[in-house]
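Structure record follows, encoded as structure tokens.
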Amino acid sequence: MNTIKLKSMLQQFFNEDIGDGDLSSETIFSATEQGAFTFYAKQDGIFCGKQIIEIGFPLLDPSLQVTVFKEDGDTLQKGDSIARIEGSLRSLLTGERVILNCIQRMSGIATQAYEAVQLTKGTKTKICDTRKTIPGLRMLDKYAVRTGGAFNHRSGLYDAIMLKDNHISFAGSIAKAVQTARAKIGHTVKIEVEIETKEQLLEAVNAGADIIMFDNRTPEEIADWLPLVPPHIATEASGGITLDNLQSYAQIGVEWISLGALTHSVTALDISALVEQKGAVTYGTR
């Protein structure tokens, strides 16, 4: 990840949460009181977010001592220790929620991406994400997808051309849309065309698309249409695909499956803090 961008993001996250100050921690604890807590997994999964911990806490308070026990991509089992942070009680409690929010979401995405990749083993199909990310979190979401072993689709509107049904409707035809785009872009930019019918598929092939996306088509339809796609054109299936029906799509030979569910409706991995202070040990904070 871009660490300069990450620091800026974390600063924004902290400012949103802290505002003019942490009223709870600053009211209860003095600036000199010290303690520690350990982040631990409350369920199995794939860890993601080491840099969030290593950069986030020192950004808030450079005197905090941070030790991370896990690497991004490591398998977590329930009860595993992830990281230990020691120092000012005020700083620990002020930073905890923002850091946890990030690593829980990222680990949830990495876990789901890993599960999807496992379901495609033995096939030539690769799993990728979509642009269905939380605004402001795309860099973290897409990094988490890679951590889980899947791939990134385009990062945004700026790094590939994707001609969807509305683009095609406004342009008048697939051929016209592809020809107009091709005349204005450089050789490093690819053009993907979304198709829903056999006729659209043939038009996209003849127009010279680089990638053809089968949108909301059944595995049977795609299997029937795949022989019509020349080997130099990449194929992708998307729309209505979940972990439950993923294998039926992978087994037909499509090259890519893009899953919006990796990021738009992912469940955060359950991670909490085991707090140590003045000889007492308690679980979690909100």
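The values are calculated or read from the model by the stated rules, or taken from the named source; none is laboratory data. These figures come from a predicted structure and were not determined experimentally. Here Cβ is always computed from backbone atoms with ideal geometry, including for glycine, and neighbour counts include all displayed protein chains.
Structure above, values below:
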quantity: Selected residue (only one of T263, T218 is touching a Ser or Thr at 6+ places or on another chain (Cβ under 6 Å) and either among the basic types (K, R) or closer than 29 Å to K142 by Cβ (or both)); calculated: T263
quantity: Segment 124-139, residues that are surrounded by fewer than 17 Cβ atoms within 10 Å (Cβ to Cβ), in contact (Cβ under 8 Å) with a residue 24 or more places away in the chain and not basic (K, R); calculated: I134, G136, M139
quantity: Tally, over segment 21-69, of residues that are among the hydroxyl-bearing types (S, T, Y) and within 11 Å of I82 (Cα to Cα); calculated: 3
quantity: Residue match in segment 59-78 (condition: within 20 Å of R138 (Cβ to Cβ) and within 23 Å of the chain's Cα centre (by Cα)); calculated: yes
quantity: Those residues of segment 39-52 which are assigned to a helix (DSSP H, G or I) and either more than 15 Å from E96 (Cβ to Cβ) or not assigned by TED's automatic domain parsing to the domain that holds S88 (or both), in sequence order; calculated: K50, Q51
quantity: Pairs, first within 30 Å of P135 (Cβ to Cβ) in segment 13-35, second outside any loop (DSSP other than H, G, I, E, B) and not charged (D, E, K, R), C-beta under 6 Å, six or more apart; calculated: F13/V98; F14/V98; D17/V98; D22/T94; S25/L93; S25/T94
quantity: Answer residue from segment 107-149, given it is part of a loop (DSSP other than H, G, I, E, B) and of a type in the set (A, V, I, L, M, F, W, C) and is modelled with the lowest pLDDT among those; calculated: I134
quantity: Residue match in segment 122-130 (condition: out of contact with any strand residue (DSSP E or B) (no Cβ under 6 Å at 6 or more places or on another chain), closer than 16 Å to V266 by Cβ and among the polar types (S, T, N, Q)); calculated: no
quantity: Test result for Q51, in contact (Cβ under 8 Å) with a residue 12 or more places away in the chain, within 29 Å of N15 (Cβ to Cβ) and polar (S, T, N, Q); calculated: yes
quantity: Cβ pairs under 7 Å, 6+ apart, first in segment 198-213 and in the same structural domain as Y249 (by TED's automatic domain parsing), second among the polar types (S, T, N, Q) and part of a helix (DSSP H, G or I); calculated: A207/Q179
quantity: Strands (runs of 3 or more DSSP E) contained entirely in segment 173-286, each with at least 2 residues that are modelled with pLDDT of 95 or more and among the acidic types (D, E); calculated: 191-195
quantity: For K78: the one exception among (1) surrounded by 15 or more Cβ atoms within 10 Å (Cβ to Cβ); (2) out of contact with any helix residue (DSSP H, G or I) (no Cβ under 6 Å at 6 or more places or on another chain); calculated: (1)
quantity: Enumeration of residues in segment 187-206 that are over 28 Å from the mean Cα position of the chain (by Cα) and crowded, with 18+ Cβ neighbours inside 10 Å; calculated: Q200, L201, E203, A204
quantity: Total residues in segment 126-150, condition closer than 27 Å to L226 by Cβ and touching a Leu at 6+ places or on another chain (Cβ under 9 Å); calculated: 9
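So that you can scan it fast, the table gives a plain yes or no per residue for (1) closer than 22 Å to G148 by Cβ; (2) within 17 Å of the chain's Cα centre (by Cα):
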{"site": "P231", "(1), (2)": "no, no"}
{"site": "T235", "(1), (2)": "no, no"}
{"site": "I252", "(1), (2)": "no, no"}
{"site": "E255", "(1), (2)": "yes, no"}
{"site": "S258", "(1), (2)": "yes, yes"}
{"site": "S265", "(1), (2)": "yes, yes"}
{"site": "I271", "(1), (2)": "yes, no"}
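Let's see how each residue does on (1) part of a loop (DSSP other than H, G, I, E, B); (2) closer than 21 Å to D270 by Cβ:
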| position | (1), (2) |
| --- | --- |
| L6 | no, no |
| L10 | no, no |
| T27 | no, no |
| F37 | no, yes |
| G56 | no, yes |
| K70 | yes, yes |
